[in-house]
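Below is one structure, written out as structure tokens, with a few remarks after it.
Nothing in this text is a laboratory measurement; each read-out follows from the coordinates by a stated rule. Source: prediction; values computed, not measured. As a convention, Cβ positions derive from the backbone with ideal geometry for all residues, glycine included, and neighbour counts pool all protein chains shown.
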Amino acid sequence: MFNFFVRKPRFRKIAFGLFGVAGAVMVTATPAAAQELTASDNTALLTSLWLLVAGCMVFIMQAGFALVEAGLTRAKNIGNIMAKNLADMAVGALAFWAVGFAFAFGSDTGSLIGGDNFFLSKMPESFLGGGDVLATPSFFFFQVVFAATAVTIASGAMAERTKFSAYLIFSVVMSAIIYPVVVHMFWQGEGILSDLAIGQARFTDFAGSTIVHSTGGWAALMGAIFLGPRLGKYGPNGEPRAIPGHNIGFVVIGVFILWFGWFGFNGGSELAMDEWVAHTIMTTLLAASAGVLSAGAVIWRKTGAMDVGMAGNGALAGLVSITAGTGALTFTGAVVTGFIGGIIVVYAVIAIERWGIDDPVGAVSVHGICGVWGTLAVGLFARYDDAFLGRENAGLFYGGGFNQLVVQAIGVAVVAVWVLGTSALLFKTIKETIGLRVDKQEEWEGLDLAEHGSPGYSLVD
């Protein structure tokens, strides 16, 4: 590029002229802009900027989910997996813009669902955040990538046997209705979970262990049940058989991408750029690290080998586990929560497989079960009042009593009932109409050929 300008004096003169004009504009405009902006305006702008950055980090998590799912499944289905994850973002964004955001954050109707602002038609200038106000486009963007996350969780549990058309229908309904109603229950501020309290104890889920992750996990469970296991997963006597993934490198890279994105996932949920952002990032880091070590140690002890995929799921288990209480737990509490999450995920994966439920990536265990644990952990370890708690020392181990634990359990149950019921109805309807699963021949050949017309990998001489 430098040589180009050296060789072309004309272009060099034009470029320097443009830079000069731009500099003059900035110099003359900056003082006026500074005079017009108040301290409150600057805070709002900073908050909105941080939310956009955090939202971009969460957006990148889609790539992480795609790589983890692809790595833990077979090469003949990689194109289908990438197509599903691509669709989750594209279809989900449009569905959430058209309907989902209104159901989630529209004016309350019966403490269950929003009733206005479809297509952002009555978009307010701002939403209240953790500091001052934040611009609605920033808030919408941050929420839409959360919606995509909830949907994508189910993709892994349904891998290698789901019709692409059927999955698209699920993605639309999940983005537009099932997930937004859960959001309205708590994060909108007037839903049934936001009013759920026992004495001083109020239900809380800071960044979505239940609201996002268990929601996706319960939908994943219903999808896996209605689909049934992959061909060859269980022997004649019902004993589970291993179906190895094709690329452990994809898995590890995907885990690191998700880990990175989670700093925005939890940090952005502060809805303000303040000192607690750093706290949430630290608890996120520590919980994930503890999850890697505990899951790796448990699977090593059980099998005599340190399974890399399970260790990766340990990291994700720690991340899911800390998400509800990331702003309320101490650093030690985060380590304990993540460590227990890593242990839980190993035994949950084994148990679910033994129950005849085929979940190729462990989505139900990582997101559903560990999401429950993370939400309950708030009732045990909550120390600080930065997670909508309304008080400090709310956790049982800090003298807060059992009420916080009980109210957390009730909230978990309410979300589980809604998601399990609606997703079961959805999958049953799809199964009885267009069909949910590809036929046996297509499954043996791989979904890349059957659903997309070409292999995900092409070997060239």
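Around G114, under 15 Å between beta carbons, what's the net of Lys plus Arg minus Asp minus Glu among the other residues?
-2
How high is the relative contact order of segment 40-452? Use alpha-carbon pairs under 8 Å, at least six apart in sequence, and give a whole percent. Please list the in-between numbers first.
Values: 895 pairs, mean separation 95.3, N = 413.
For segment 40-452, the relative contact order is 23 percent.
Roughly how many Å is it from the Cα centre of segment 199-252 to that of segment 408-426, as a whole number?
First find each Cα centre; the distance between them is then 15 Å.
Would you order I60, I357 from fewest to most other beta-carbon atoms within 10 Å of each residue's own beta-carbon?
Working: I60 15, I357 19.
With the fewest neighbours first, I60, I357 line up as I60, I357.
How large is the Kirkwood hydrodynamic radius of segment 254-342, counting all unique pairs of alpha carbons, in Å?
Working: mean 1/r = 0.0789 Å⁻¹.
It works out to 12.7 Å.
Subtracting the Cα-Cα distance from 0.36 nm times the residue separation, let me have the gained length for F164 to A75 in nm, one decimal. Working shown, then result.
Working: separation 89, 0.36 × 89 = 32.04 nm, distance 1.70 nm.
Extending this stretch completely gives an extra 30.3 nm.
Quote the charge dipole size of the chain about the Cα centre in Debye, to the nearest 20; the model charges only the Cβ of Lys and Arg (+1) and of Asp and Glu (-1). Mind showing how you got there, number by number?
Numbers: 24 positive and 31 negative charges, 229 e Å.
Taking the Cα centre of the chain as origin, the dipole is about 1100 debye.
Pull out the extension gain between A90 and D439, defined as 0.36 nm times the separation in residues minus the alpha carbon to alpha carbon distance; nm, one decimal. Can you show the working numbers first?
On the way: separation 349, 0.36 × 349 = 125.64 nm, distance 2.69 nm.
That works out to 122.9 nm of additional length.
How much net charge surrounds E443 when only the other residues with a Cβ under 13 Å from the Cβ of E443 are counted, with Lys and Arg +1 and Asp and Glu -1?
Numbers: positive: R74, K76, R161, K163, R230, K233, R437, K440; negative: E160, D358, D439, E442, E445, D448, E451.
Taking every other residue near E443 into account, the sum is +1.
Taking the alpha-carbon set of segment 171-297, what are its Rg and Dmax in Å?
18.9, 58
Sticking with the crude label model, points 7 Å out along Cα→Cβ, report the distance from F119 to A409 in nm, one decimal please.
4.7 nm
Provide, for q = 0.14, 0.19 Å⁻¹, the log10 of I(q)/I(0) from a solvent-free Debye sum over equal Cα point scatterers in segment 369-444.
Log10 of I(q)/I(0), two decimals: -0.59, -0.79.
How large are Rg and Dmax for segment 40-452 when only the alpha carbon atoms are used, in Å?
20.1, 68
Return L221, L449, L329, L425 ranked ascending by Cβ neighbour count within 10 Å, so the fewest neighbours appear first.
Ranked by crowding around the Cβ, least crowded first: L425, L449, L221, L329.
Taking other Cβ within 10 Å of each residue's Cβ, how do D386, D116, D274 sort, fewest first?
Result, fewest neighbours first: D116, D274, D386.
Student exercise: in segment 40-452, how many lysine pairs 8 or more apart or on different chains have Cα atoms under 17 Å apart?
Value for segment 40-452: 10.
In the chain, which helices (entire DSSP H runs) extend 27 Å or more along their own long axis, judged by Cα positions, while averaging at least 1.0 on the Kyte-Doolittle scale? Show your work: numbers first, answer last.
Working: long enough: 9-36 (40 Å, 0.65); 39-71 (48 Å, 1.32); 136-157 (33 Å, 1.40); 248-268 (30 Å, 1.72); 275-303 (43 Å, 0.81); 331-354 (35 Å, 1.76); 403-432 (44 Å, 1.26).
The answer, listed by residue number, is 39-71, 136-157, 248-268, 331-354, 403-432.
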